[in-house]
Number of protein chains: 2
Amino acid sequence: MDKVFQALSSAPRRAILDIVRDRPGSSVGHVCKFFDVSRIAVMKHLNVLEEAGLLISEKQGRTRRLYFNSAPIQMIHERWTSEYSALWAGHLTEFKRQVEAKQGT
Amino acid sequence: MDKVFQALSSAPRRAILDIVRDRPGSSVGHVCKFFDVSRIAVMKHLNVLEEAGLLISEKQGRTRRLYFNSAPIQMIHERWTSEYSALWAGHLTEFKRQVEAKQGT
DNA sequence: ATAATAGGTAACCTATTGGTTACATATGAA
DNA sequence: TTCATATGTAACCAATAGGTTACCTATTAT
């Protein structure tokens, strides 16, 4: 879970996810076209995403084809929507009011 | 958005959110009881969470009272469920199959 | 066989993170 | 007023992140 959030915490990496989601099977080179940094820097981002399970890659000849994997995001979504179910709905204000009586240490 | 994901990428910080959610109005000292690291380390986590908007703090006398704020998580949830709507539902396999014909560069 | 292409690895640098200790400040209690 | 409590700040340190250049490997095309 740490790795997923960590991976998602960078705008370039989220952009990579968009690129691959919009064009599954993208090569490393294709992804690089969208960025100004070196290919190596992009590859590091790709590895972070892959280690988080957000990208899957499959080597085809000399090119590495990339696929977006939504499973980790789904997992987090499910876990958090159940655990924080009341909160997703947006009841902070009420929540605070409830508490201002209790006043925990 | 970066800051929110960054803040959520650490298990201790997520634990802090749980603690404060379960006992809104918690003091810094109360949160510290749950961890083995120094108070300063905990305070740094609190500041990261606060800068991400996930915690709100209000000073009451000499104690700082902490409140969980679900707004950033809601924002992300809404944005991602719309943007990745097909994916939340878990259609990666189909997604991949669709694409294996196209085969983008 | 040779050259061009696509990708991977290694070594290095700087900035950020996450922890520490020591000290400072402000408020509540005796 | 004096002491204890609750929090905040500063300076430091090791590990990680994110970038670079230089070089290596494997596959495709001529």
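The values are calculated or read from the model by the stated rules, or taken from the named source; none is laboratory data. The model shown is predicted, which means the values in this text are computed figures rather than measured ones. Glycine also receives a Cβ, built like all others from the backbone with ideal geometry; neighbour counts cover every protein chain displayed.
Of all residues in region A:16-27, those that are assigned by TED's automatic domain parsing to the domain that holds A:A41 have Cβ atoms under 6 Å from Cβ atoms of residues that are surrounded by fewer than 18 Cβ atoms within 10 Å (Cβ to Cβ) and β-branched (V, I, T), 6 or more apart or on another chain, in A:P24/B:V99; A:G25/B:V99; A:S27/A:T63; A:S27/B:T105.
Report, by residue number, each residue of region A:17-60 that is aliphatic (A, V, I, L, M) and away from DNA strand D (no atom under 11 Å from the Cβ). Within region A:17-60, A:L17, A:I19, A:V20, A:V28, A:V31, A:L54, A:L55, A:I56 meet the criteria. Region B:4-57 holds helices (runs of 4 or more DSSP H) entirely within its bounds, and those carrying 3 or more residues that are under 25 Å from A:A7 (Cα atoms) and not β-branched (V, I, T) map to B:11-22, B:39-51. Name the residues in region A:51-74 that are in contact with a strand residue (DSSP E or B) (Cβ under 8 Å, 6 or more places away or on another chain), among the hydrophobic types (A, V, I, L, M, F, W, C) and more than 9 Å from chain B (Cβ to nearest Cβ), would you? Those that are in contact with a strand residue (DSSP E or B) (Cβ under 8 Å, 6 or more places away or on another chain), among the hydrophobic types (A, V, I, L, M, F, W, C) and more than 9 Å from chain B (Cβ to nearest Cβ): A:L54, A:L55, A:L66. Inspect all residues belonging to region A:25-32 and state whether any of them is of a type outside the set (S, T, N, Q) and modelled with pLDDT under 95. So far as region A:25-32 goes, no, none of its residues is of a type outside the set (S, T, N, Q) and modelled with pLDDT under 95. Of the residues making up region A:58-104, those that are assigned to a loop (DSSP other than H, G, I, E, B) and at pLDDT 50 or above are A:G61, A:R62, A:N69, A:S70, A:Y84.
For the subset of region B:23-50 comprising residues that are facing another protein chain (nearest Cβ under 9 Å) and out of contact with any His (no Cβ under 8 Å at 6 or more places or on another chain), which member is surrounded by the fewest Cβ atoms within 10 Å (Cβ to Cβ)? Of everything passing the filter in region B:23-50, B:G29 is surrounded by the fewest Cβ atoms within 10 Å (Cβ to Cβ). Go through (1) in contact with a Ser or Thr (Cβ under 9 Å, 6 or more places away or on another chain); (2) at pLDDT below 95 for B:L54 and report which single condition fails. That leaves (2) as the condition not met.
So is B:D2 at pLDDT below 95 and more than 26 Å from A:R14 (Cα to Cα) or not? Judged against the criteria, B:D2 is not a match.
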